[in-house]
Amino acid sequence: MAEIPVVYTPESLKHNPQFEIFNGQRTPHAEVVARVENILEALGACDFVTMETPTIDPMPWVERVHDAGYLDYLKRTSDAVDATVKDEDIQAGDVKAIYPSVFPLANGRRTSNPVAQRGTYVFDTYTPIMQGTYEVAKASASVAVAGAEKVMQGAPHVYALTRPPGHHAETARAGGYCYFNNAAVAAEYMLDHGAKRVAIFDFDIHHGNGTQDIFYDRDDVYFVSTHADPERLFPFFRGGADEIGVGDGRNYNFNIPLPEGTGNDEFHGSVETVLARIKEYKPDYLILSAGFDTHEQDPIGVFKLTTDYYQQLGRSIAELGIPTLSLQEGGYATEVLGANVVSYLSGFLPQNP
Ligand code: SP5
Ligand code: ZN
């Protein structure tokens, strides 16, 4: 029986954002520990995966992707959350967390005021920094790097259970529940170890603004994304079909925004377009930003993909014959998330005649 290596870290279970601020209200956070628990449970019951935990230090590649000032801010802030947020300022039972409240104006003025820095380095009110967030983001990036290493050692398909997710994190800003851009970190690892070209296909329902931002002026990483029209869904300010890259990166960024209500067949039509483009690019490796918030039951998604469909998606990707690394991004229908991951991974197995 062919096996699919899975890389994960128990550190992911320590990341516990409690609420996001939406419409000025505290609403339950969507990116919860139960997500990873559900995935681990489904993988545990699955006979074609082998599980391992990484030990590799991802920082050399994280530092290629992220701005030094941002990394410093995230470390300093996350180390000091318990001291910064006063006991009397939280509600009983809450985990202490820091959210931005003021965001930069377009005039470019810089400030070192800590309150201003929160909005400089975090672009929404959905992405809290808790005590230890830096460490858990680092552990998630380590899962991505270990996955990249396994693919480069010859595994045809590897699944890295990255949590927190990464694709919204830009060079110098966290957002969209993401702190370190795991896909970009994995791509940098591959390029650093001899890859000449890496393609990233992001099929999360949200546009991968962070990954786009990081590689926008480069032709050694081809970023392709299918997602809900940003006019309809987060991250709103990126994801248009007119964003094609700049300089050397011109024509190496490809966005396909899709309407609310997109189902299996329409989605797969776009997938075929994407895969044809990737084939033409002839990448050494393919990274998937695998978000399952396209599922019909997703509480924050607007597509209608079914659990069974993800097998077809996996199979079509596998048919390219390119070594692939799938990284977990979104997916908030917690009860079916593990089933969606397993369905997707089953598409990578050799087909029975
Ligand atoms: C990795 C990923 O999928 N990040 C997605 C971030 C999108 N966050 C949007 C949050 C929308 C606010 N939730 C309010 C729920 C109201 N029903
Ligand atoms: Zn998403």
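Values computed for the structure shown
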{"item": "L305, L327 arranged by Cβ crowding within 10 Å, fewest neighbours leading", "result": "L305, L327"}
{"item": "Span from the the stretch 220-267 Cα centroid across to the the stretch 293-353 one, whole angstrom", "result": "19 Å"}
{"item": "Relative exposure of M130, M51, judged by other C-beta atoms within 10 Å (fewest first)", "result": "M51, M130"}
{"item": "Among beta bridges that DSSP assigns inside the chain, antiparallel share in %, nearest 5", "result": "20 percent"}
{"item": "Principal axis box of the chain, alpha-carbon based, largest edge first, Å", "result": "65, 47, 40"}
{"item": "Gaussian network model of the chain, Cα within-10 Å springs - most flexible of A186, A80, A174", "result": "A80"}
{"item": "Residue order, fewest to most beta carbons within 10 Å, for Y134, Y126", "result": "Y134, Y126"}
{"item": "Inter-label distance, nm, simple model (7 Å from Cα along the C-beta direction), F237/T50", "result": "4.5 nm"}
{"item": "Potential extension, K279-I300 segment - 0.36 nm per residue separation minus Cα distance", "result": "4.4 nm"}
{"item": "The stretch 1-57 - Rg (one decimal) and Dmax (whole number), Cα, Å", "result": "15.4, 52"}
{"item": "Lysine pair count for the chain [Cα-Cα under 16 Å; pairs on different chains or 8 or more apart]", "result": "7"}
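FYI, it's all coordinate maths here, none of it is from the lab. Just so you know, these numbers come straight off a predicted model, no measurement behind them. Neighbour counts are summed over all protein chains in view; Cβ atoms, including those assigned to glycine, are modelled from backbone coordinates with ideal geometry.
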